[in-house]
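Visitor: The structure under discussion is supplied below as structure tokens; questions concerning it will follow.
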There are 2 protein chains.
Amino acid sequence: MLTFTEENYLKALFQLSAEKGIDQVGTTELAQHLNLKPASINDMLKKLKEKNFVETERYSKITLTDEGKRRGAEIMRRNRIWETFLYDKLDFTWDEVQEVAEQLEHVSSKKLIDKLYDLLESPEFDPHGNPIPDLNGNLKVQFRKTLAEVETGQSCKMVAVKESSNSFLQCVMNLGLVLNNKITVVRRQEFDDLLDIEINGRIHTVSQKLAQNIYVLCLNCQKESTCIKHLCNLN
Amino acid sequence: MLTFTEENYLKALFQLSAEKGIDQVGTTELAQHLNLKPASINDMLKKLKEKNFVETERYSKITLTDEGKRRGAEIMRRNRIWETFLYDKLDFTWDEVQEVAEQLEHVSSKKLIDKLYDLLESPEFDPHGNPIPDLNGNLKVQFRKTLAEVETGQSCKMVAVKESSNSFLQCVMNLGLVLNNKITVVRRQEFDDLLDIEINGRIHTVSQKLAQNIYVLCLNCQKESTCIKHLCNLN
DNA sequence: AAATAATGTTAGATTAGCCTAACATAATTA
DNA sequence: TAATTATGTTAGGCTAATCTAACATTATTT
Ligand SMILES: [Mn+2]
Ligand SMILES: [Mn+2]
Ligand SMILES: [Mn+2]
Ligand SMILES: [Mn+2]
């Protein structure tokens, strides 16, 4: 059995690796993600290495083993399923789900998570647009870019958010933006990098920082916009 | 914020007090209930006293303070709501809910528990027939007796189970007994105290021990069989 | 009332998970 | 290349929650 804390570490390692597309995570990086000090990370790494969940050598980066990946993916699956449940069935808002799902993800019961997944009708994405691994560890990956990268004049569809902080999510909600909304980049201001975007016929001005945290699919390249990626065996 | 462990202690104290109908719990008794050693109980009691959740003097019994009761009742409410959710919405069986609810009860989110309660349409009893405190801390109490106390020839209705062990619950399930079933005590065997009972037209023989763990309402005294009891303010 | 059993307490140890402060190595910049 | 900055490690300390073993008090029998 994994402890609550070990689960958080494995999920974090899995997420950071996935985001970067490379199986190497740094001590400081992980510490920042988990709001801990690098020294604490080292203590825990000793334990995770002991248990064969990570591989790491002195002064080099951390890599998850296959078993470590499996466990990390499992927690990620639980987290996203719970978020979906809270959002779909209990009227939680976008910015409320994270905190509660962070706790619920640690409840260990295969039956529980599988039944929830059924109840939600096998969702492919969580409320933030992040993919949920299915029962075989397969993930529906979208080839998305950030709103900041969309060319002026182009239209796109919001499919996910990057940041998960409340301040960011509330900001997006205030714009009236929800997943699958169409966004058109109308204009870019040279001087301060602000973007004028059109949502539902209205023009809003947003910062570069905000645009970098919104994932979109361009409307003209949707044929090859998703693929199935096998992460690891969840059984 | 209470820790996971403190919550378990307060719930246990609250339950034991309630079952006994007296606000005094012993160290050893509590240790047994929580599967711990008496020495560990003492350590934790120091902390709970510090925080004003219990009152206790050297070599005497433990009493919950009002605030301690409130917290205990809150965890009990969460536990029973989760059990009901698992049973009603996710097809868990009688004997499966306990273990998972024991974990879920520690997720702290007022909104979560209130929304679940709505989703389940304000249930008054959990799958084991135990009452769920409502939002004001009111409980629907039934004046029940055990099946062992029912006179020969009398009929009654099963409203709850006492024990929560899997072996007991499975035993009851094997008899085809579910809550609200009518049971008639047909015969008592002098020699070994076994009872013959009739359920759905079939006769079964059951032990005294089993009968002592099944709560029933007698069919002829149903007018005054329940009352509302105010436990404590849950807000 | 004395002996015995039951119950409660204390001291001292252990483990998990975190910290700070000092130090070591690696990467970047001048 | 030398200095500086960033990153990673270690030693030593802290708290929460548990344990065992020894001891103290209270309750129950004889
Ligand atoms: Mn978590
Ligand atoms: Mn999410
Ligand atoms: Mn619990
Ligand atoms: Mn129950």
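Visitor: Consider region B:139-158. How many of its residues are open to solvent by 10 Å² or more (accessible area, probe 1.4 Å), free of Cβ contacts under 8 Å to residues at least 60 places away in the same chain and closer than 13 Å to B:Leu219 by Cα?
Guide: Residues flagged as open to solvent by 10 Å² or more (accessible area, probe 1.4 Å), free of Cβ contacts under 8 Å to residues at least 60 places away in the same chain and closer than 13 Å to B:Leu219 by Cα within region B:139-158 amount to 2.
Visitor: With respect to the numbered conditions (1) open to solvent by 50 Å² or more (accessible area, probe 1.4 Å); (2) under 26 Å from B:Asn136 (Cα atoms), which one is the sole condition not fulfilled by B:Glu6?
Guide: All conditions are met except number (1).
Visitor: Kindly establish whether B:Asp114 is without any contact (Cβ under 8 Å) to a residue 12 or more places away in the chain and within 11 Å of chain A (Cβ to nearest Cβ).
Guide: No; evaluated as a whole, the condition is false for this residue.
Visitor: Step by step: first the residues of region B:58-80, then only those that are near DNA strand C (Cβ under 7 Å from one of its atoms) and not hydroxyl-bearing (Ser, Thr, Tyr), then the one that is farthest from the other protein chains (Cβ to nearest Cβ). Which residue is that?
Guide: Only one residue fits best here, namely B:Arg58.
Visitor: Let me ask something else. Being within 14 Å of chain B (Cβ to nearest Cβ) and in contact (Cβ under 8 Å) with a residue 60 or more places away in the chain is true for just one of A:Glu99, A:Glu83, A:Glu105. Which residue is that?
Guide: Going through A:Glu99, A:Glu83, A:Glu105 in turn, the sole match is A:Glu105.
Visitor: Mind checking whether some residue in region B:124-138 is open to solvent by 10 Å² or more (accessible area, probe 1.4 Å), in contact (Cβ under 8 Å) with a residue 40 or more places away in the chain, of a type in the set (A, V, I, L, M) and in a helix (DSSP H, G or I)?
Guide: No.
Visitor: Then there is this: If B:Lys89 meets every condition in (1) open to solvent by 50 Å² or more (accessible area, probe 1.4 Å); (2) away from chain A (no Cβ under 14 Å); (3) not aromatic (Phe, Trp, Tyr) apart from one, which number is that one?
Guide: (2)
Visitor: Does B:Gly26 satisfy being more than 17 Å from the chain's Cα centre (by Cα) and more than 30 Å from A:Leu119 (Cα to Cα)?
Guide: When the stated conditions are applied, B:Gly26 passes them.
Visitor: Moving on to the next point. Report, by residue number, each residue of region A:159-185 that is in contact (Cβ under 8 Å) with a residue 12 or more places away in the chain and open to solvent by 70 Å² or more (accessible area, probe 1.4 Å).
Guide: A:Lys162, A:Glu163, A:Asn166, A:Gln170, A:Met173, A:Val178, A:Asn180, A:Lys182, listed by residue number.
Visitor: While we're on this one: Taking region A:139-174 as the search range and keeping residues that are in a helix (DSSP H, G or I) and hydrophobic (A, V, I, L, M, F, W, C), which one is nearest to ligand 1 (Cβ to nearest atom)?
Guide: A:Leu169
Visitor: Looking only at region B:210-226, filter to residues that are at pLDDT 85 or above and assigned to a strand (DSSP E or B); which one of those is most open to solvent (accessible area, probe 1.4 Å)?
Guide: Within region B:210-226, the match that is most open to solvent (accessible area, probe 1.4 Å) is B:Tyr215.
Visitor: Quick one: which residue in A:Ala73, A:Ala31 is open to solvent by less than 10 Å² (accessible area, probe 1.4 Å), more than 16 Å from ligand 4 (Cβ to nearest atom) and in contact with a Cys (Cβ under 9 Å, 6 or more places away or on another chain)?
Guide: After ruling out the rest, the residue left standing is A:Ala73.
Visitor: Within region A:109-123, how many residues turn out to be open to solvent by less than 40 Å² (accessible area, probe 1.4 Å) and either more than 21 Å from B:Leu119 (Cα to Cα) or in contact with a strand residue (DSSP E or B) (Cβ under 7 Å, 6 or more places away or on another chain) (or both)?
Guide: 1
Visitor: Let me confirm something: among A:Lys140, A:Lys111, A:Lys209, A:Lys157, which residue is out of contact with any Gly (no Cβ under 7 Å at 6 or more places or on another chain) and in the same structural domain as A:Leu34 (by TED's automatic domain parsing)?
Guide: A:Lys111
Visitor: Can you go through B:Lys89, B:Lys47, B:Lys61 and tell me which one is among the basic types (Lys, Arg) and within 26 Å of B:Thr146 (Cβ to Cβ)?
Guide: B:Lys61
Visitor: Another question, if that's okay. Which residues, taken from region A:52-74, are part of a loop (DSSP other than H, G, I, E, B) and free of Cβ contacts under 8 Å to residues at least 24 places away in the same chain?
Guide: A:Asn52, A:Glu57, A:Arg58, A:Tyr59, A:Ser60, A:Thr65
The values are calculated or read from the model by the stated rules, or taken from the named source; none is laboratory data. In this text, all values refer to a predicted model and were calculated from it rather than measured experimentally. As a convention, Cβ positions derive from the backbone with ideal geometry for all residues, glycine included, and neighbour counts pool all protein chains shown. Areas reflect the complete protein model, heavy atoms only, side chains present, ligands, DNA and RNA absent. Shrake-Rupley method; radii C 1.70, N 1.55, O 1.52, S 1.80 Å.
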